[in-house]
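K.L.:
Handing you this structure, nothing more for now.
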Amino acid sequence: MDSLRLVLIALPVLGGTFMLLFMLAKRINNYGIVDIAWAWAFGFLAIFYAGFGPGWAGRRMAIAAMAVGWSARLGLHLYCRVMGQHPVEDGRYRQLRSDWREHFTLKMFFFFQLQAISVLLLAGPFLLACLNPRPGFRSWEIVGAILWLLAIGGESLADFQLAAFKRQSPATGRVCKVGLWRYSRHPNYFFEWLVWVAYLVFALASPHGWLAVISPVSILWLLLRVTGIPLTEEQALRTKGEAYRQYQLSTSAFFPWFPRQPPPPC
């Protein structure tokens, strides 16, 4: 099956799935479930591409395994976080309710559909790899797989350290500065982006693989400017106040780096 047919099948399926999820979110009054669906959708899409793509079977199985491994881990982590605090909704979506007071339901419907489209666009590396008929793995693919393992390990460690901190310090207003969080305010986001860099590196071994650069660039933009760091830090400032402002002054926002001494108060 060629690339166009694969995309034309995947698009309405994703759109319909996220429409049903929107209806479920409205029913349970918790729109945070879209994060879970977004993560898991990549795994199912990668399986679809691997099952029907015309590329070499070994490569299709490898990229599908990488995609499903990342998708399942992130989706399960988000499920525990979102449903663990249900019926209380994630603070980012509570803020959207306030920001989108007028026509909130309609705007949220299109927000869900935007997530479906983003899955299709960002999954480009999976599709490109599954179209490559050349047998055997190339150097780019081996490097990509190694980078993927490092990124998954880093993201898992960051999530574990934050969860452990929250268990040990249940009081509100405290900021996690342990482990990887000492060197980045969002190490989980950094390693999440690195996962997508790994997919790009893997795809470079396939024809037109450079097109996969769209994925890590888009993820970086989303994390730095849209739904990642901006919304997360707004919520942190609302709940942690001055403690988080001091953390911002001393710690890199995204790329891990040694903490700097905050300036003395005026």
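K.L.:
Looking at I142, I152 in this structure, which one is free of Cβ contacts under 8 Å to residues at least 24 places away in the same chain, assigned to a helix (DSSP H, G or I) and outside the structural domain of M61 (by TED's automatic domain parsing)?
P.N.:
Selected residue: I142, the only one of I142, I152 that is free of Cβ contacts under 8 Å to residues at least 24 places away in the same chain, assigned to a helix (DSSP H, G or I) and outside the structural domain of M61 (by TED's automatic domain parsing).
Residue-by-condition table, conditions (1) of a type in the set (S, T, N, Q); (2) under 24 Å from G91 (Cβ atoms); (3) assigned by TED's automatic domain parsing to the domain that holds I146; (4) modelled with pLDDT of 95 or more:
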residue	(1), (2), (3), (4)
G173	no, yes, yes, no
F191	no, yes, yes, yes
P216	no, no, yes, yes
L222	no, yes, yes, no
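K.L.:
So D159 passes all but one of these: (1) buried (at least 16 other Cβ atoms within 10 Å of the Cβ); (2) at pLDDT 95 or above; (3) more than 22 Å from H208 (Cα to Cα); (4) under 16 Å from the mean Cα position of the chain (by Cα). Which condition number does it fail?
P.N.:
The failed condition is (2).
K.L.:
All but one of (1) outside any loop (DSSP other than H, G, I, E, B); (2) more than 25 Å from Q115 (Cβ to Cβ); (3) hydrophobic (A, V, I, L, M, F, W, C) hold for V213; state the number of the condition that does not hold.
P.N.:
(2)
K.L.:
Please pick out the residue among P125, P207 that is of a type outside the set (G, A, S), over 19 Å from A253 (Cβ atoms) and assigned to a loop (DSSP other than H, G, I, E, B).
P.N.:
P207
K.L.:
Then there is this: Just give me the residues in the range 128-139 being part of a loop (DSSP other than H, G, I, E, B) and not polar (S, T, N, Q), in sequence order.
P.N.:
P133, R134, P135, G136, F137, R138
K.L.:
Something else about it: When both residues are 6+ apart or on different chains and their Cβ atoms are under 9 Å apart, which pairs have a first residue that lies in the range 185-196 and is without any contact (Cβ under 8 Å) to a residue 60 or more places away in the chain and closer than 25 Å to Q246 by Cβ, and a second that is among the charged types (D, E, K, R) and part of a helix (DSSP H, G or I)?
P.N.:
These pairs meet every condition: N188/E155; N188/D159; F191/E155.
K.L.:
Still on this structure, please answer the following. Got a number for residues in the range 16-44 being part of a helix (DSSP H, G or I), exposed (fewer than 15 other Cβ atoms within 10 Å of the Cβ) and not basic (K, R)?
P.N.:
Residues that pass the stated criteria total 6.
K.L.:
Which residue out of A164, A158 is in a helix (DSSP H, G or I) and out of contact with any helix residue (DSSP H, G or I) (no Cβ under 8 Å at 6 or more places or on another chain)?
P.N.:
A164
K.L.:
Mind telling me which of the residues A164, A72, A151 ends up being more than 28 Å from A50 (Cα to Cα) and not aromatic (F, W, Y)?
P.N.:
A164
K.L.:
If you don't mind, another one. Just checking, which of G32, G16, G53 is within 19 Å of the chain's Cα centre (by Cα) and not assigned by TED's automatic domain parsing to the domain that holds I142?
P.N.:
That would be G32, the only listed residue that is within 19 Å of the chain's Cα centre (by Cα) and not assigned by TED's automatic domain parsing to the domain that holds I142.
K.L.:
Still on this model: Quick check on the range 1-15: of everything there that is of a type in the set (V, I, T) and free of Cβ contacts under 8 Å to residues at least 60 places away in the same chain, which residue is surrounded by the most Cβ atoms within 10 Å (Cβ to Cβ)?
P.N.:
So, considering only residues that are of a type in the set (V, I, T) and free of Cβ contacts under 8 Å to residues at least 60 places away in the same chain, the one surrounded by the most Cβ atoms within 10 Å (Cβ to Cβ) is V13.
The values are calculated or read from the model by the stated rules, or taken from the named source; none is laboratory data. Predicted model, so just to flag it, every value in this text is computed and none were measured. As a convention, Cβ positions derive from the backbone with ideal geometry for all residues, glycine included, and neighbour counts pool all protein chains shown.
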